[in-house]
Structures are given as structure tokens and as C-alpha cells.
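**Student:** Supplied in C-alpha cells, the structure appears directly below.
The values are calculated or read from the model by the stated rules, or taken from the named source; none is laboratory data. Keep in mind the model is a prediction, meaning the values are calculated, not measured. Reconstructed Cβ throughout: ideal geometry from the backbone, glycine too, with neighbour counts over all protein chains shown. Accessible surface areas use protein heavy atoms only, side chains included; no ligands, DNA or RNA. Shrake-Rupley method; radii C 1.70, N 1.55, O 1.52, S 1.80 Å.
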Amino acid sequence: MKKPSKEWESLSESDREIIASHQAVPPVKVGELAASLGLEVKVTTLDVGISGMIEPSATSRSGFKITINKHEPKHRQRFTLAHEIAHYLLHHDLIGVGLTDNVLYRSKLTDAKEAEANRLASDILMPKPLLRDWVKDCGESRAADYISRASAAFGVSEDAMRVSLGLK
């Protein structure tokens, strides 16, 4: 199993504590986390091929609003929300008038910045200590025997779970 990302380590202690307060049991309550950070979240219809976006907002406590495409699978909506939260935490100074992420999590930011947001989103949804405990308690020794159950428990895709476990 991989260690927490360098992006996780780069967060302030207070941001890590806020996130950790929502990571007691799977699945991580990512909507509640967004609210704790002062982010407004809206789930609605977006153009085909658009997963989510983050943009300035005069009505949210943080000054930002996240919009998620309601037509995507639930696990994808959860990852998109975590990805946009990661942009807020890591790249708030680069958001400008807004960032729109397509289905490949590409925006006007560099691929490196998108990869940073993906790694932190993974750390948010699949915190290493919680995942380690879940794997230990599941009673299976081979990842192939528990990947499906783990991804369901954490509310993520099997591919995301494999990456988080260091199997892909």
C-alpha cells in the first residue's frame, strides 16, 4: 500500500485535521468535508464530457463553488468532488475565474497540477490508515479477493482502489 502523497504532506496541519475529521469510517463523507471547508457544492446537469468545475462564488464562506455532473456514476461524482476540493486546497491561487475538468480530469492547468489533484483526491477518499485497517479486517489476503468489496465500501471505482493500494 502506498504512503500518503506529497500533496497530503504539503497541506497545513489544520487542513489535514479538517479532512481527517471526516475520515473515521468509509465511505468518507466528502460532501460534509466540502461544507466544513466552506465550499458550496451543486450537483446538476453539465455539458457532456464535463465531470465538474470549481469557480469563485460570492455566496460561499470559502469564496468558491464546486459543481458536479449529476449524470455520472455516484463513485465518479465522489471522486470529482474530492478532485475539486483538492484543487481548492492545492491550487486556489490558480483557479482564477474557474476551472472546468473534463472526464479525463483535464483543465486549463498543467497535467502535473491535475495529477496533484488526483493524488490528493485519492488520499481524501481512501485515507491510508483507514484503508490499511479495512484490508486487515476484511479476512482476505489477496487483493483480487477484496478489491470489489473495498471499492464499494469506500465509494470509489475499482481502478481508483487498485491505484491507492499500489496495484496499478
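**Student:** Report, by residue number, each residue of segment 21-35 that is open to solvent by 50 Å² or more (accessible area, probe 1.4 Å) and either over 15 Å from residue 77 (Cβ atoms) or of a type in the set (Val, Ile, Thr) (or both).
**Tutor:** The answer is 21, 24, 25, 35.
**Student:** Has segment 129-139 got any residue that is closer than 17 Å to residue 81 by Cα and part of a loop (DSSP other than H, G, I, E, B)? Talk me through it step by step, then tell me what you get.
**Tutor:** Here is the first cut: in segment 129-139, the ones closer than 17 Å to residue 81 by Cα are none.
No, every residue in segment 129-139 fails to be closer than 17 Å to residue 81 by Cα and part of a loop (DSSP other than H, G, I, E, B).
**Student:** Which of the residues belonging to segment 1-48 are in contact with a helix residue (DSSP H, G or I) (Cβ under 8 Å, 6 or more places away or on another chain) and polar (S, T, N, Q)?
**Tutor:** Residues satisfying the conditions are 5, 10, 21, 23, 36.
**Student:** Could you pull out the residue among 151, 122 that is assigned to a helix (DSSP H, G or I), polar (S, T, N, Q) and either within 25 Å of residue 62 (Cβ to Cβ) or modelled with pLDDT under 95 (or both)?
**Tutor:** Exactly one of 151, 122 is assigned to a helix (DSSP H, G or I), polar (S, T, N, Q) and either within 25 Å of residue 62 (Cβ to Cβ) or modelled with pLDDT under 95 (or both), namely 122.
**Student:** Search segment 109-158 for residues being charged (D, E, K, R) and touching a Lys or Arg at 6+ places or on another chain (Cβ under 7 Å), and hand back the single one that is surrounded by the most Cβ atoms within 10 Å (Cβ to Cβ).
**Tutor:** For segment 109-158, the residue satisfying everything is 114.
**Student:** Residue by residue through segment 17-42, note down the ones that are closer than 16 Å to residue 68 by Cα, without any contact (Cβ under 8 Å) to a residue 24 or more places away in the chain and in a helix (DSSP H, G or I).
**Tutor:** 32, 35
**Student:** Would you point out the residue of segment 159-168, among those that are surrounded by 16 or more Cβ atoms within 10 Å (Cβ to Cβ) and within 14 Å of residue 5 (Cα to Cα), that is farthest from the chain's Cα centre (by Cα)?
**Tutor:** Going through the qualifying residues, I end up with 165.
**Student:** Quick check on this structure: which one of 143, 153, 112 is touching a residue at least 60 places away in the same chain (Cβ under 8 Å) and over 19 Å from residue 16 (Cα atoms)? Write out each step before concluding.
**Tutor:** Details: 143 fails: touching a residue at least 60 places away in the same chain (Cβ under 8 Å); 112 fails: touching a residue at least 60 places away in the same chain (Cβ under 8 Å).
Selected residue: 153, the only one of 143, 153, 112 that is touching a residue at least 60 places away in the same chain (Cβ under 8 Å) and over 19 Å from residue 16 (Cα atoms).
**Student:** Could you say whether any residue in segment 80-88 is β-branched (Val, Ile, Thr), open to solvent by less than 30 Å² (accessible area, probe 1.4 Å), under 15 Å from residue 30 (Cβ atoms) and free of Cβ contacts under 8 Å to residues at least 60 places away in the same chain?
**Tutor:** Yes: segment 80-88 contains one or more residues that are β-branched (Val, Ile, Thr), open to solvent by less than 30 Å² (accessible area, probe 1.4 Å), under 15 Å from residue 30 (Cβ atoms) and free of Cβ contacts under 8 Å to residues at least 60 places away in the same chain.
**Student:** Filter segment 56-74 down to the residues that are of a type in the set (D, E, K, R), in a strand (DSSP E or B) and surrounded by fewer than 17 Cβ atoms within 10 Å (Cβ to Cβ) and list them by number.
**Tutor:** Hits for segment 56-74: nothing passes.
**Student:** Among the residues of segment 64-82, are any of a type in the set (A, V, I, L, M), under 11 Å from the mean Cα position of the chain (by Cα) and closer than 17 Å to residue 32 by Cα?
**Tutor:** Taking segment 64-82 as the starting set, the residues that turn out to be of a type in the set (A, V, I, L, M) are 66, 68, 81-82.
Of the ones still in play, those that are also under 11 Å from the mean Cα position of the chain (by Cα) are 81-82.
Restricting the remaining residues to those that are closer than 17 Å to residue 32 by Cα gives 81-82.
Yes, segment 64-82 has at least one match.
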